[in-house]
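These notes are about the structure you will find just below.
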Amino acid sequence: MENVHVTFWHSDGSEVTASLPGWGISFSGTYYFENSLNPFIRGGFAKNDGTLLQKSLTAGLGYQPQSGGNLLGFAVGWGEPNETTFSEGLDNQFTAELFYRLQISKHFVVAPDIQYLINPALNPDESSIFIWGIRGRINL
């Protein structure tokens, strides 16, 4: 439950997958306080390779009153759209997310969420949008 991850990646590019050459680094860290509060931070940097964002930083807090149970979380993020993927001069994207992770069973989790994006990189004609979603995870 308490961890730090750092990932460095590199791509030579591929005509088969239409990917560009590039590289990047990302990190993620989380910690549990009092067995109920779970602050986290994530970020990354990418050079080329057609990624959505070339720089990003997200921080949030989860509340889990019972170990191994449901979790309510909130996060805010900033991202700089990748000029290689899109075009130069796009405004930075800001995101706020509220989610609830339901521990259905020991091996199955479902997490509905709502996100509010300001200056969405994938929809530059809109100044802001709401996105509803649902994620799932199966651990075998």
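Structural remarks
- Filtering the range 82-121 to residues that are outside any strand (DSSP E or B) and exposed (fewer than 13 other Cβ atoms within 10 Å of the Cβ) leaves E83, S87, E88, G89, K106, H107.
- Meets criteria (within 24 Å of P21 (Cα to Cα) and in a strand (DSSP E or B)) for G43: yes
- Any chance F45 is within 28 Å of P124 (Cα to Cα) and in contact with an Asp or Glu (Cβ under 8 Å, 6 or more places away or on another chain): no
- Scope the range 24-40; condition more than 24 Å from T95 (Cα to Cα) and part of a strand (DSSP E or B); matching residues: F33
- Within the range 12-30, residues that are in contact (Cβ under 8 Å) with a residue 60 or more places away in the chain sit with their Cβ atoms under 7 Å from residues that are in a strand (DSSP E or B), at 6+ positions apart or across chains, in these pairs: L20/N48; G22/S11; G22/A46; G22/K47; G22/N48.
- Tabulated pairs, the range 82-96, first touching a residue at least 12 places away in the same chain (Cβ under 8 Å), second among the acidic types (D, E), C-beta under 7 angstrom, 6+ apart or interchain: N92/E80
- Comparison of G60, G89, G69 shows that the only residue that is over 17 Å from the mean Cα position of the chain (by Cα) and either more than 29 Å from S19 (Cα to Cα) or of a type in the set (K, R) (or both) is G69.
No value in this document is a laboratory result; all are computed from the given coordinates. As the structure is a computational prediction, the values presented were derived from the model and not from experiment. With ideal geometry, Cβ positions are generated from the backbone for all residues, glycine too; neighbour counts draw on all protein chains shown.
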